[in-house]
Each structure stands twice: as C-alpha cells, then as structure tokens.
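*Asks:* Structure provided below as structure tokens; questions to follow.
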Amino acid sequence: MAVFDFNQAKKEEVKAEKTYDLIYTNNRTADADHPILILEDKDGILVHHSSGMFEAPTKGTSFIYERDDVKTNHDIKLIDARFENLIRWLGDNHIMVKLSGKSTDKGYAVYKIYELGVSVRGSKLAGENGFLQFMMERLFQSEAPSKEEVDIDDMEDSDDMKLTSIQSITDYITCAGSTLPDNIRLWAKRNLAVAKSAEVTPEERRHAQRALSIMLNIQWKNTEFQPIDPVEARRILDEELYGLDQVKQRIIETIIQINRTHTLPAYGILLIGPAGTGKSQIAYAVARILRMSWTTLEMSSINDPEQLTGSSRIYANAKPGLIMEAFANAESSNLLFIINELDKACSGKGNGNPADVLLTLLDNLGFTDNYIECNIPTTGVYPIATANDREAISAPLMSRFAVIELPDYTIEEKRVIFTKFAMPKVLKRIGLKNDEINITDEALDAIMDKFKETSGIRDIEQAAEHIAANALYQIEAEKKTSVSFDAAMIKALLK
C-alpha cells in the first residue's frame, strides 16, 4: 500500500495555488509599464496608494484591499520573478503595505510597495522599518533568476533545516531567494544553521554569524556594464593629468570594448613608469569612467598571502583577508581593484607569495577567502595595477594585464603642470586669490632648475604647496596685500 506523503501533498497544493505568471526582467526601476506585479482589478476598485495585505502562499496568491471597512480580494496575475519570494514573505508575516500603482488594460500595475506595519503577528520587519525598501533596492540590482532556478525553489521546503535565525539574516535569505548566486545561497543556509546550533561552540557560532553579516551585506550585482562615452572619458583623463596623450588614448582603447560586449575588458591595466608620473591618478580616473566602486591594495605592505586570503575560523582571532574586506566595505561584487606597486608583490616572506593570491583574483574564476570559506564570483572585478620596475613583475602576473608605460615629463611639461594645474589647485584649496601671489619667470626657472633631476611631478606639487603657504603666512602675519616671488626668494625657500 502506498504511503501518503503529507509534506509532498502540501507542496503540490501550494504550487497548484500559484495562479500568477512570472516575468523575467533585469529592469533597475519600476513604473506602470514595467511593474513589480500586476493585480486583477476588473471593476477598477484599486487606486493609487491602495492599502492592504498579501495572503500567505498557503491561502492563495492575492492582495486583500481594505477601504472603509470593506475588503476586496485581487488575484495576482504577474510578478517580476525577482520579487516572488518577497511577496510571499510579506504574506507569511502578515505585513500591512501600501501600493503605488496605476490601472492599465492588463490590470493594476504596482511599481512601489511601502510597509505600514504588522497586522496579525507581533514582530516588526527585520531590524528596522527600512528593511522592505532595502530589500527592494537589492532585488532591483539583482539579475532575474532563470526559470529553472525558480522551479527548483518551488520544490524546496524552506523548513527542511529548521532554522530560527537572527531575524534580519533569515528574512534577507528568504526574500533574496534565487537572486543570490547558487553557491552563496547554499553557503548562507549552512552557516545560518551553524550560527543557531546548540551543538557547536560559541566561538563557531560567532564566526558563522560574522561571516553571514559580511557576505549578505554585499550586493551581488549583475555583470552587464553600461557603455562609456569616449569623449567624456578623455575629459576625465585630461582633468586628472596634463599631456601623456598616447597613454590616455591607449587607456580608452583598452576599456572601450565594454561598449560592444557590455562586460569588463578581458585584461586589466598595468601602468608602469617612474614615481610621481600620475599612475594612481589615472587609476582613480578609470574608476570614474567605468562608474565603479574602487579599493586599493598596497602591495609594498603585504608580505604574507594570509593578509589577502584571511585566516581559518579554527583560530580565535580569525578574520577575513584584505580582498574580502574590500568587497564588504564596498558592499558590491562589482569592484575596481587598484593594486599599487605590483612589482613588490613577489617579495613574500615565509608562508608563500602574495603574487600567487593575486593570480586567483585576476583570473575571474572566483576567489575563496579562508575565513568566509565560500567561492566569491569575480566576474565584476576589474584590476588596475601600478609599478615602477617592470623587471620585478613575474611573467604570469604580467600576462593578466594590458601593459601601458608612462614616460617621465619634460621640463617644459613640468612648467605647464606647475603653472596651469599644481599652483591653481593649491590656491583654490587654501583660499588665495590669483592677484595675491605672483611668481616671476625667473622664479619659475629656479623652481624647474631645482627639480630638473627628479622624476614625476610630486616635487613640483609640493613646491607649489610650500610657496602658496609662505605667501599666505606673509599676507596674514605681515599684513601684505600680495606677495611676489623672485628667483632669490625661491632658492632661499626651497633650499
């Protein structure tokens, strides 16, 4: 005789009650033409800012509208697949909501949902009232799950692991659903079980909770990047640096492939040149052009790969590595890494070579932190590295980059940079007017002669700072209306 499977019957019952269809879209905002969901409203009862409550999945898939003590039931016709779990969660927890929407020929199109409070159960939304809006913003930035993923989710019993988690983490995992990468969703459920288990040590629970907090604060964005405007890109580069026209052209050529592929370039950028030639400024400018969050890795201060990969949770003082911390601080999986002094990455001591860790990050095959213990997708990572010594960089590392060499500036270029960029920037910052300071041609020659043997432009930028500060002192302390510098004064000041 066949055994009746109550749990399976319950699943089939819930699935049968799904009267709506799913729409699969990656729209980043919603409006009446691209709504979050559409409700049946043949009689035109629903109005803008309709208040009510979604029914839990076991009771149906509809919205109960309440107005003047009268309740009407409106079936859900369509839901953006990213928001399906969120709608279910609102119904399960009896959350009163207000809908912004518009009547259309397809039904009542909902494009915003606001929390009003809890109707039946005594708990509030996880953490703060802003959780619902936070959750919706995250879902809008997520990729739509595939139809296959949604079908699998329908068959999963969310209570299989008997989780009674920290409220905000549980709610986030529930609402994010298939918008989370598969391996991270599974990892989160497992760590959530550890965080609440009475069978592990308090230390293990603390580490699991901390790891969850770090991972779930990261926005797992889609990796379809918007095209760049080459004219605007050139303007940004010109704003940061004078001259170096061929370098700027090469940079734009390297990244402009994003316009056709909508993905990041296959190779990062490695800027090689003397100290002070503006390599870091270029890296920051590229981050602006790509409209990406950025972080820096200072390889000169990293001599142990564990600084990058983190330490195992078996240690009481375990913590994530610098790479994982960068993702957490940026709260985004799309991140531009500025790797300063790449030529110092091969000087690891004792426990291995930091350069080997960089290779895993640069290959876009995923990165695993020893503390987090989960493979992090790196398809949204773009590296820009700087270096002074080409010969000190290993061939495997070099092969991951489009190499761009920066020449040193000529004396004439330094003269222009000092007068047109460095000095005006300092004057603006400290509040001096142009007519309050004058530098004669002979004084400018003295400045250039002082730094003719140095590379880069840092020395002349510091000279501009020193000269402007001296002028300001004379104006404030000696009550001068303006200060004029000749060659003798410059030589005395910069000796």
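The values are calculated or read from the model by the stated rules, or taken from the named source; none is laboratory data. Computed from a prediction, not measured in an experiment: that's the story for all the values here. Here Cβ is always computed from backbone atoms with ideal geometry, including for glycine, and neighbour counts include all displayed protein chains.
*Asks:* When you look at SER399, is it hydroxyl-bearing (Ser, Thr, Tyr) and exposed (fewer than 13 other Cβ atoms within 10 Å of the Cβ), yes or no?
*Replies:* Yes.
*Asks:* It is to be established whether one or more residues within the range 235-245 are modelled with pLDDT of 90 or more and of a type in the set (Lys, Arg). If you could, list the steps in order and put the result at the bottom.
*Replies:* Restricting attention to the range 235-245, the residues satisfying the condition of being modelled with pLDDT of 90 or more are 235-237.
Now restrict to residues that are of a type in the set (Lys, Arg): 235.
Yes, because at least one residue in the range 235-245 is modelled with pLDDT of 90 or more and of a type in the set (Lys, Arg).
*Asks:* Which condition breaks for ALA266 when tested against (1) more than 22 Å from the chain's Cα centre (by Cα); (2) free of Cβ contacts under 8 Å to residues at least 24 places away in the same chain?
*Replies:* Result: ALA266 passes all but (1).
*Asks:* Out of all the residues in the range 44-82, which are farther than 12 Å from VAL110 by Cα and aromatic (Phe, Trp, Tyr)?
*Replies:* PHE54, TYR65 - these are the residues of the range 44-82 that are farther than 12 Å from VAL110 by Cα and aromatic (Phe, Trp, Tyr).
*Asks:* Could you count how many residues in the range 270-279 are under 15 Å from VAL403 (Cα atoms) and surrounded by fewer than 22 Cβ atoms within 10 Å (Cβ to Cβ)?
*Replies:* From the range 270-279, those under 15 Å from VAL403 (Cα atoms) are 270-274, 279; that's our starting set.
Narrowing further to those that are surrounded by fewer than 22 Cβ atoms within 10 Å (Cβ to Cβ): 272, 274.
Going through the range 270-279 one residue at a time, the tally reaches 2.
*Asks:* Return the only residue of MET448, MET423 being within 18 Å of ALA488 (Cβ to Cβ) and aliphatic (A, V, I, L, M).
*Replies:* Checking each option against the conditions leaves just MET448.
*Asks:* Still on this structure, please answer the following. Quick check on my filter: what residues within the range 423-438 are out of contact with any Lys or Arg (no Cβ under 9 Å at 6 or more places or on another chain) and either surrounded by 13 or more Cβ atoms within 10 Å (Cβ to Cβ) or charged (D, E, K, R) (or both)?
*Replies:* Across the range 423-438, the qualifying residues are MET423, PRO424, LYS425, VAL426, LYS428, ARG429, LEU432, LYS433, ASP435, ILE437, ASN438.
For (1) surrounded by 20 or more Cβ atoms within 10 Å (Cβ to Cβ); (2) in contact with a Leu (Cβ under 6 Å, 6 or more places away or on another chain), each residue gets a yes or a no:
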position: MET324; (1), (2): yes, no
position: LEU358; (1), (2): yes, no
position: LEU365; (1), (2): no, no
position: ALA385; (1), (2): yes, yes
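*Asks:* So, one more: Restricting attention to the range 180-201, does a residue exist that is out of contact with any His (no Cβ under 7 Å at 6 or more places or on another chain), under 18 Å from ALA285 (Cβ atoms), of a type in the set (Val, Ile, Thr) and assigned to a helix (DSSP H, G or I)?
*Replies:* Scanning the range 180-201, I find no residue that is out of contact with any His (no Cβ under 7 Å at 6 or more places or on another chain), under 18 Å from ALA285 (Cβ atoms), of a type in the set (Val, Ile, Thr) and assigned to a helix (DSSP H, G or I), so the answer is no.
*Asks:* Which residues, taken from the range 402-422, are aliphatic (A, V, I, L, M), crowded, with 16+ Cβ neighbours inside 10 Å and at pLDDT below 90?
*Replies:* Within the range 402-422, LEU406, ILE417, ALA422 qualify.
*Asks:* Identify all residues within the range 171-186 that are within 25 Å of ASN93 (Cβ to Cβ), out of contact with any Leu (no Cβ under 6 Å at 6 or more places or on another chain) and of a type outside the set (S, T, N, Q); write none if there are none.
*Replies:* Those that are within 25 Å of ASN93 (Cβ to Cβ), out of contact with any Leu (no Cβ under 6 Å at 6 or more places or on another chain) and of a type outside the set (S, T, N, Q): ASP171, ILE173, ALA176, GLY177, LEU180, ILE184, ARG185, LEU186.
*Asks:* Still on this structure: Counting just the residues of the range 187-240 that are surrounded by 18 or more Cβ atoms within 10 Å (Cβ to Cβ) and small (Gly, Ala, Ser), which one comes out nearest to GLN141 (Cα to Cα)?
*Replies:* Result: ALA188.
*Asks:* Could you please let me know if LYS279 is at pLDDT below 90, out of contact with any Cys (no Cβ under 6 Å at 6 or more places or on another chain) and of a type in the set (D, E, K, R)?
*Replies:* Yes.
*Asks:* Got at least one residue in the range 447-457 being part of a loop (DSSP other than H, G, I, E, B), among the hydroxyl-bearing types (Ser, Thr, Tyr), modelled with pLDDT under 90 and not assigned by TED's automatic domain parsing to the domain that holds VAL247?
*Replies:* Yes.
*Asks:* Additional query: Looking at the range 84-119 only, could you name the residues that are over 16 Å from ASP33 (Cα atoms), aromatic (Phe, Trp, Tyr) and crowded, with 17+ Cβ neighbours inside 10 Å?
*Replies:* If the condition is that a residue be over 16 Å from ASP33 (Cα atoms), aromatic (Phe, Trp, Tyr) and crowded, with 17+ Cβ neighbours inside 10 Å, then TRP89 is the only one that fits.
*Asks:* Mind checking which strands (runs of 3 or more DSSP E) fall wholly inside the range 335-434 and carry at least 2 residues that are within 22 Å of the chain's Cα centre (by Cα)?
*Replies:* Passing ranges, in order: 335-340, 381-387.
*Asks:* Confirm whether ASN334 is closer than 23 Å to ILE282 by Cβ, surrounded by fewer than 20 Cβ atoms within 10 Å (Cβ to Cβ) and out of contact with any strand residue (DSSP E or B) (no Cβ under 6 Å at 6 or more places or on another chain).
*Replies:* So ASN334 fails the test.
*Asks:* Does any residue of the range 237-250 turn out to be in a loop (DSSP other than H, G, I, E, B) and under 30 Å from ASN27 (Cβ atoms)?
*Replies:* No, every residue in the range 237-250 fails to be in a loop (DSSP other than H, G, I, E, B) and under 30 Å from ASN27 (Cβ atoms).
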